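Report on the following structure.
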Amino acid sequence: ASFFNWADGIYTDEYFLGTIADDARSFQVQERRLLDYGQFYAARTGTASVTTTQDGRRVLFGATGWANPPGFDESCNPQIYLIPRDLALDQDGRLTMHPVAEVESLRIPATRVDRSVSWVADRKQPESARRVANGSRLEIQMNCTGRPTDNEQKEPAIVGVQVLAHADLGAWTLVGFDYQTKQLFVDHRKSSLVRASEVVQHTAPLEASSSDDDERVRLHVLVDNALVESFVNQRLALSAFVSEIMGDMSPGPSERIAHVLVPPKGVACEVRTWRLAVNES
């Protein structure tokens, strides 16, 4: 459902989980959350026919919206369709979401990169060794295991990838997960050398459950030029239009890179990336 928050002047798209009464005349809400913690509007879902076993695919459609979240540069107010998302319920009755499998048809097989990163193996390696993709149309998957442990440097306990980055890493947009705050985040502070950003971070809190594996973080990121869609553990989504780069004359889209961070001590990540083709159909 789409709502307009009159107090904050923003639109939100939310979902409700609950129980339908036996007489089907009332619905008791047990959980109410955002479908996306970033730029998302006009949520609509569609489904194939439901079988007698209650199987059926529910697909979510949406766009970046008619209004930006607080902090975005209002001079650039895009309305762009987002990649559709498959919705389902997990064993705890929680909503799960992830990009539709049809995205795989856009992958360019020859561009696939597989990379393992860890604090022990990579903390002393040159930054260039952690470049995992070139370009501005990308799919990035990070599967991280382990739990951060204290270290002498007291470094932030985050895993993530710098996307839309300059080759010299003078500017980038950081997508990641913070183990301490249990939040998915998109950080715009270093997105451009030309255009300053008022945005610090947009965040999405990950609610824990007794059945969760708290030592596994699955980060899934789609980059389509300035549009970045990110997901964590198929439970949260955060869509962000990186308006800061719109004023950059260089580097061009094909000259930008993706660069993975060194994970905190105690955590190891498997990274897989592809460049994505343009669908002209």
(message) Between V278 and T181, what is 0.36 nm times their sequence separation minus the Cα-Cα distance? Round to one decimal in nm.
(response) 31.3 nm
(request) Give the calculated FRET efficiency between N225 and V59 to the nearest 0.05, with a Förster radius of 25 Å applied to their Cβ-Cβ distance. (result) 0.60
(request) Work out, step by step, the length gained on full extension between A129 and E14: first 0.36 nm times the residue separation, then minus their alpha carbon distance; give nm to one decimal. (result) 37.3 nm
(request) For S192, list long-range residues whose amide hydrogen, built 1.01 Å from N in the peptide plane, is under 5 Å from its own amide hydrogen. (result) W172
(request) Using θ = phi - 60° and the Karplus relation 6.51 cos²θ - 1.76 cosθ + 1.60, list the HN-Hα couplings for region 218-227 in order, rounded to whole Hz, with x at every Gly or Pro. (result) 10, 9, 10, 10, 10, 10, 10, 6, 7, 8
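Can you give the extra length, in nm with one decimal, that the chain gains between V100 and A21 once fully stretched, where that is 0.36 nm per residue apart less the Cα-Cα distance? Intermediate values should be presented prior to the final figure.
On the way: separation 79, 0.36 × 79 = 28.44 nm, distance 3.18 nm.
In short, 25.3 nm is gained.
Using heavy-atom solvent-accessible surface (probe 1.4 Å) with all chains present, what is the largest-first order of R32, R112?
Details: R32 135, R112 110 Å².
I get R32, R112, largest accessible area first.
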(message) Using the Cα centre of region 90-129 as origin and beta-carbon charges of +1 (Lys, Arg) and -1 (Asp, Glu), tell me which of V120, V100, A110 is placed farthest towards the positive end of the dipole.
(response) V120
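The values are calculated or read from the model by the stated rules, or taken from the named source; none is laboratory data. Keep in mind the model is a prediction, meaning the values are calculated, not measured. Reconstructed Cβ throughout: ideal geometry from the backbone, glycine too, with neighbour counts over all protein chains shown. Each accessible area value is taken on the protein alone, full model and side chains, heavy atoms only, with ligands, DNA and RNA left out. Shrake-Rupley method; radii C 1.70, N 1.55, O 1.52, S 1.80 Å.
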